[in-house]
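So the structure is just underneath, and the comments pick up after that.
Throughout, read-outs are computed from the coordinates displayed, never taken from laboratory work. Please read all numbers here as calculations on a predicted model, not as lab measurements. Cβ placement follows ideal geometry from the backbone for every residue including glycine, while neighbour counts extend to all protein chains displayed.
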Amino acid sequence: MTYGRASDDERMPGGLTVTDLVVTYPGKPPVEAVRGVSLRVGPGETVALLGPSGCGKSSLLGAVVGIVEPTSGTVAWNDQDLTWTPVHRRRFGLVFQDGQLFPHLDVARNIGFGPRMAGVSAEARAARVTELLEIVGLEGLGGRAVSELSGGQRQRVALARSLAARPRLLALDEPLSSLDADLRTRLAKDVRDILRSQGVSALLVTHDPAEAEAMAHRVLRMGDGRLL
Ligand code: ADP
Ligand code: MG
């Protein structure tokens with residue numbers, strides 16, 4: 001793990017490239033949440049953006065996955081411009097702080113939701129769900145109601161659900177912040193190992209230096225809408 005500048009991996013081909021990204025929310029006065037950020041995430045690399053609350057982390061992540069409209073700048077994957085590509089066509093996954101699981105579906109149906117929407121057969125779905133439960137360490141819990149899960153287990157399900165569609169990049173917005181400190185440390189290591197075993201690129205945002213250091217290959221510091 002290294003602290004470094006956004007250009008450290010310039011020689012690495014492919015992956016995510018964010019260039020001069022600006023997010024300004026309209027209003028009186030307008031809020032300049034992201035003020036010109038450029039960064040790269042290489043294939044299979046986990047990069048953490050570390051900064052205090054309000055510094056623009058979620059806005060930046062939102063623009064990367066396509067749920068926040070950038071004011072200017074570009075988001076690209078393997079040099080293909082995705083800045084205006086709809087969320088579902090980017091093949092990026094998103095994990096939020098509180099998981100946002102579907103409360104009325106059991107664990108297996110939460111994980112299999114994306115593949116089901118994508119028309120994957122019941123048989124192939126079941127096999128993928130079993131595989132993912134194993135990957136995130138929840139073997140045999142497919143039939144469990146999400147209301148019967150601990151906070152840590154919920155985040156494991158959220159991770160499995162976002163991996164189900166085999167995203168090329170996973171965006172994680174403070175994924176462990178709702179958990180107690182000791183659980184956070186353990187789960188951070190597990191999440192790191194899972195991301196690496198899956199070979200997926202990941203962009204993690206957090207205000208917690210320990211979480212950033214435990215999970216990322218590289219940590220970029222952010223403050224007031226900019227990389228520091
Ligand atoms: P972080 O995730 O680092 O806490 P955010 O990206 O959520 O930061 O917020 C950055 C700034 O943008 C803050 O001042 C916040 O109040 C503002 N902001 C975030 N979302 C919106 C929005 N939808 N409309 C207006 N202002 C927003
Ligand atoms: Mg945020």
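Taking R0 as 45 Å, what's the FRET efficiency between LYS28 and ASN78 from their Cβ-Cβ distance, rounded to 0.05?
Given R0 = 45 Å and the Cβ-Cβ separation, E is 0.65.
For LEU204, the residues 5 or more places off, or on other chains, whose built amide H falls under 5 Å of its own are VAL47, ALA48, LEU49, LEU172. Taking packing as the residue-averaged number of other Cβ atoms within 10 angstrom, the listed peptides 186-197, 160-171, 137-148 run from highest to lowest as 160-171, 186-197, 137-148. In a fully extended conformation the segment linking SER197 and GLU213 would gain 4.0 nm over its present Cα-Cα distance, using 0.36 nm per residue. A convex hull fitted around the alpha carbon atoms of region 95-228 yields 114 Å³ per residue. Taking amide H atoms as placed 1.01 Å from N in the peptide plane, the amide H of ARG226 lies under 5 Å from those of ARG35, each 5 or more residues away in sequence or on another chain. Annotation note: chymotrypsin sites (Phe, Trp or Tyr not before Pro) in region 52-114 located in DSSP loop regions with a Cβ neighbour count of at most 15 within 10 Å are TRP84. Given the -39500 (n - 2.57) contribution per DSSP H run of 4+ residues, what per-residue ellipticity at 222 nm results for the chain, rounded to the nearest 500 deg cm²/dmol? After summing the helix terms and dividing by residue count, I get -9000 deg cm²/dmol.
Given the Cα-Cα distance of GLU148 and GLU131 and 0.36 nm per residue of separation, how much length would full extension add, in nm?
4.0 nm
In this structure, ARG35 and THR185 have a Cβ-Cβ separation that, at R0 = 30 Å, corresponds to a calculated FRET efficiency of about 0.40. If you plug the beta carbon distance of MET117 and THR85 into 1/(1 + (r/R0)^6) with R0 = 30 Å, you get a FRET efficiency near 0.95.
Short to long, the 10 Å bins of the Cα pair-distance histogram for region 102-166 hold 25, 60, 14, 0 percent of all pairs. Radius of gyration (Cα atoms) of the chain, expressed as a multiple of 2.2 N^0.38 Å: 1.00.
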